[in-house]
Amino acid sequence: MYRITTSHLGPDGRRANPASENADRGELSAADLAVLLEAFTEIDPADNEEHDPHILATGRGAKLIIRTSRGRLQVYDGRDHAAPAVEMTAQGILERLDQAPESASPIPEDAGQPAPSAPHHGIAFAMLIVGLALNSYILYSVFYVESVNKKVDVKLITDADEVRSRQAALSGTYMTGNRTGDRVIVIDAAGQVRFYEVGAKGPINDTRDTYRVGRHDGLLCLSTADSGVVDLVGDTIVYYKDVYQRRRPSPKE
């Protein structure tokens, strides 16, 4: 079974519904989800472009954001907001949702590739140089990724009055910028947090999560259920080494 939430999508999956911002459809079987995905590819292109309907599917191995374009399914990793979209079939999506977490990858492996032929000596030397550079980069990347993805030991705040005051003080909108491609985190005072990117016609890669307030290494932070830890540094927040500035409402708002 898969936990399904749809956004701006009608009940039949074939039509956009801008009034239905987030609809919890509960748990669907593989067959029911496949039917929904097939219907989703038939949505009107104009409505698709204007309202950005999408499906959030959560399985034991992945949390995926699914959009459609030209009758094809475009899949984003719901836990990695920087990862690009990958075109997948409905069957591929079901397999991805069922993969064990430790082996899961949003990009399916290519099978049946022919073995490369032996390179020319000049090409081999060039590849050696590239390989040395690549090894240096990989070594850097390993330490970088480990520092970003290292599981943080968060000590949650349990005092109810402090939790309420912290949530009220932290609630607001935080942005890396206001151009297309910049990222936004919205924190509310009820323990909900929203992640999305600024798109040409509105938010894209839009996901929601829950959080609890805590501390680690002397920093106040938000510990989310699925999206990692968000650090609070002064009047900014830091998420996966990106700095988000708090948005100040204009005088007209």
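The values are calculated or read from the model by the stated rules, or taken from the named source; none is laboratory data. Being a predicted model, the structure only gives us computed values, none of them experimental. Here the Cβ is made from the backbone with ideal geometry for all residues, glycine too, and neighbour counts use every protein chain on show.
Listing for the model above:
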item	result
Residue match in segment 172-190 (condition: crowded, with 17+ Cβ neighbours inside 10 Å, in contact (Cβ under 8 Å) with a residue 40 or more places away in the chain and not in a strand (DSSP E or B))	yes
So residue 193, is it modelled with pLDDT of 95 or more, aliphatic (A, V, I, L, M) and either within 25 Å of residue 4 (Cβ to Cβ) or part of a strand (DSSP E or B) (or both)	yes
Candidates 44, 12, 24, filtered to the one that is free of Cβ contacts under 8 Å to residues at least 60 places away in the same chain, closer than 22 Å to residue 197 by Cα and over 16 Å from the mean Cα position of the chain (by Cα)	24
Of all residues in segment 145-161 being modelled with pLDDT under 90 and part of a loop (DSSP other than H, G, I, E, B), the one that is surrounded by the most Cβ atoms within 10 Å (Cβ to Cβ)	152
Check on residue 110, surrounded by fewer than 19 Cβ atoms within 10 Å (Cβ to Cβ), outside any helix (DSSP H, G or I) and modelled with pLDDT under 80	yes
Among (1) over 25 Å from residue 159 (Cβ atoms); (2) modelled with pLDDT of 90 or more - the single one residue 253 does not satisfy	(2)
Residue identified as surrounded by 15 or more Cβ atoms within 10 Å (Cβ to Cβ), over 13 Å from the mean Cα position of the chain (by Cα) and at pLDDT below 95 among 239, 244	244
Segment 212-230: number of residues that are out of contact with any helix residue (DSSP H, G or I) (no Cβ under 9 Å at 6 or more places or on another chain) and either under 25 Å from residue 22 (Cα atoms) or crowded, with 18+ Cβ neighbours inside 10 Å (or both)	9
